[in-house]
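Reviewing the structure listed below.
The values are calculated or read from the model by the stated rules, or taken from the named source; none is laboratory data. What you see is a predicted model; the values in this text were computed from it and never measured. As a convention, Cβ positions derive from the backbone with ideal geometry for all residues, glycine included, and neighbour counts pool all protein chains shown.
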Amino acid sequence: MNSAAGVSLAQSAKDFKEASSGLPPHFHAKAESTNHYSSEHSMESDNPEFQEEDSDYLYEDEEDETQSYASDPLKPFNDVMFHFNDKLYFWVLKPIGRGYRAIMPDAIRIGIQNFFVNLSTPIRFVNCLLQAKGDDAGNEFTRLVTNTTVGFLGFWDQAKAHQHLDKKEEDFGQTLGVWGVESGWYIILPFLGPSTLRDSAGRLGDMFLDPLYYLEPAELSLEIWAVDKTNDISFRIGDYETIKEAALDPYESIRDGYLQMRAKKVSQ
Amino acid sequence: MRYSILAAAIFLILGGSFSAGAAEPMDDLRGPIEQVISILKDPKYNGSAMKEQQRMEIMAVIKKIFSFYEISKRALGRNWNKFNIQQRQVFEETFADFLGYTYFKKVRDSYQGENVVFLSQEKIGDAKAVVKTKIPRKNNEIPLDYRTFSKKGEWYIYDVIIEGVSLVTNYRTQFGKILGKESPDELIERLRKKIVEQREQDKTTS
């Protein structure tokens, strides 16, 4: 077990060949009796408390599991959208994001991100209130005042730098969750990515709290939205690739990851 | 004389167990994690020729604090029972290597000198604890929690939670889906193929 990883890879490949090459049974029996695995595992917990709970490990988080497996009736549609968004990312968003990142200095990109975060304060502020989180709402309000004034229209996050106030990521999807609305079917939205019925409704609700929505003409609001998204993507190039590479089943990995992340956010 | 030897023996036994019992999960993790960071930062590994060496040294440290046995067992969940002893062992080693390759590549490619900030530890009974950390980045920070259990007074990691997503649960969902259709050996083969893929990708990019 302590052998270097490269060696242990070779070893495990060897094990695998041996295991699958149909050796006589007595050979296996012998191999097993000398195997530290069957007698005592070096890292197996010997703490009674852990062991005791350990006997339930098979069923630990069973709720998560069933929740995660449950209700994907839109799978055929989602498969198509998954494929669409995947191509959209690799063919369009990633090249744009990289080009943008190449010409825009970090400081400006961060400033633009701060500006849009500041602009979307109403979404977080109202949702804090709807979840009866008064302190968090106050936090958002203070941030808005500080960053809009001292932070020069939000380009500098002075509230974080000097008052140590982090933004509170609340949205209407979470608010509905706090109110007891179940997440509902998993759905992959074109352009927007993973969501659920509840969170899609949440997005729609938040749209009306977004100042950009009220810009006239509508084209202008769309253009500015595109700037926001491009800037955003320029920070996240590579994340999607990592998730995909780390997954044996990218669709399930992303679905489970999204549902876990949202459940956690609702509980906070 | 006899008594003083006895006293010394008692002192040694009790003292030993006290110090073992007093080990805090955060302290147990801090050393090795900082060691990993110093290996990442070490300029002697610059250049692709030293990549494999660096990965192996990091893996050696990782294997001291991660219990890949517990990680494997939990990532398979109920399907653990479908694996015989040999398959379990091969799975554990393959899964460890798979995770090692995948995350080392990611961390190395995107590492920009960040340090890990240890935030807090929350004990759940005597045998389990969550150690909370965060990694400050240019424009945000990544919350990273470690689920640990204690064995003989030392703490080992059995799950990592990145931004609220449990790695073990995430793999359990995927493995569950695959094992609904395929055999344990086929799952191991899939992991093995991913490792080979990543090694080849690494070669072409470096």
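Data for the structure
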{"quantity": "Residue check, residue B:112 more than 10 Å from chain A (Cβ to nearest Cβ) and either surrounded by 13 or more Cβ atoms within 10 Å (Cβ to Cβ) or within 24 Å of residue B:195 (Cβ to Cβ) (or both)", "calculated": "no"}
{"quantity": "Odd one out for residue B:47 among (1) within 11 Å of another protein chain (Cβ to nearest Cβ); (2) within 20 Å of residue B:201 (Cβ to Cβ); (3) small (Gly, Ala, Ser)", "calculated": "(1)"}
{"quantity": "Residues (of a type in the set (A, V, I, L, M) and in a helix (DSSP H, G or I)) located in segment A:90-110", "calculated": "A:92, A:93, A:96, A:102, A:103, A:107, A:108, A:110"}
{"quantity": "Qualifying helices (runs of 4 or more DSSP H) (wholly inside segment A:195-268; at least 2 residues being touching a strand residue (DSSP E or B) at 6+ places or on another chain (Cβ under 6 Å))", "calculated": "A:250-267"}
{"quantity": "So residue A:234, is it among the polar types (S, T, N, Q) and within 14 Å of chain B (Cβ to nearest Cβ)", "calculated": "yes"}
{"quantity": "Candidate set: segment B:128-164, residues that are of a type in the set (Gly, Ala, Ser) and part of a strand (DSSP E or B); chosen: the one surrounded by the most Cβ atoms within 10 Å (Cβ to Cβ)", "calculated": "B:150"}
{"quantity": "Unique residue being modelled with pLDDT under 95, more than 19 Å from the chain's Cα centre (by Cα) and of a type in the set (Val, Ile, Thr) when the list is B:135, B:124", "calculated": "B:124"}
{"quantity": "Qualifying residue in segment A:145-163 (condition: out of contact with any Gly (no Cβ under 8 Å at 6 or more places or on another chain), under 26 Å from residue A:99 (Cβ atoms) and surrounded by 14 or more Cβ atoms within 10 Å (Cβ to Cβ))", "calculated": "yes"}
{"quantity": "Residues being over 24 Å from residue A:236 (Cβ atoms) and touching a helix residue (DSSP H, G or I) at 6+ places or on another chain (Cβ under 7 Å) - total across segment B:118-145", "calculated": "8"}
{"quantity": "Selection count where residues are more than 9 Å from chain A (Cβ to nearest Cβ) and in contact (Cβ under 8 Å) with a residue 60 or more places away in the chain, scope segment B:139-166", "calculated": "7"}
{"quantity": "Filter result (free of Cβ contacts under 8 Å to residues at least 40 places away in the same chain and of a type in the set (S, T, N, Q)) within segment A:122-156", "calculated": "A:139, A:142, A:146, A:147, A:148, A:149"}
{"quantity": "Residue, modelled with the lowest pLDDT, within segment B:179-206, restricted to residues that are crowded, with 17+ Cβ neighbours inside 10 Å and aliphatic (A, V, I, L, M)", "calculated": "B:195"}
{"quantity": "Segment B:59-75, subset more than 9 Å from chain A (Cβ to nearest Cβ) and at pLDDT 95 or above, residue nearest to residue B:155 (Cα to Cα)", "calculated": "B:71"}
{"quantity": "Residue satisfying all of: in segment A:237-250; facing chain B (nearest Cβ under 10 Å) and crowded, with 19+ Cβ neighbours inside 10 Å; nearest to residue A:83 (Cα to Cα) among these", "calculated": "A:247"}
{"quantity": "Residues located in segment B:141-178, provided they are of a type in the set (D, E, K, R), modelled with pLDDT of 95 or more and over 27 Å from residue B:114 (Cβ atoms)", "calculated": "B:172"}
{"quantity": "Conditions (1) out of contact with any Leu (no Cβ under 8 Å at 6 or more places or on another chain); (2) surrounded by fewer than 18 Cβ atoms within 10 Å (Cβ to Cβ); number of the one not met by residue A:200", "calculated": "(1)"}
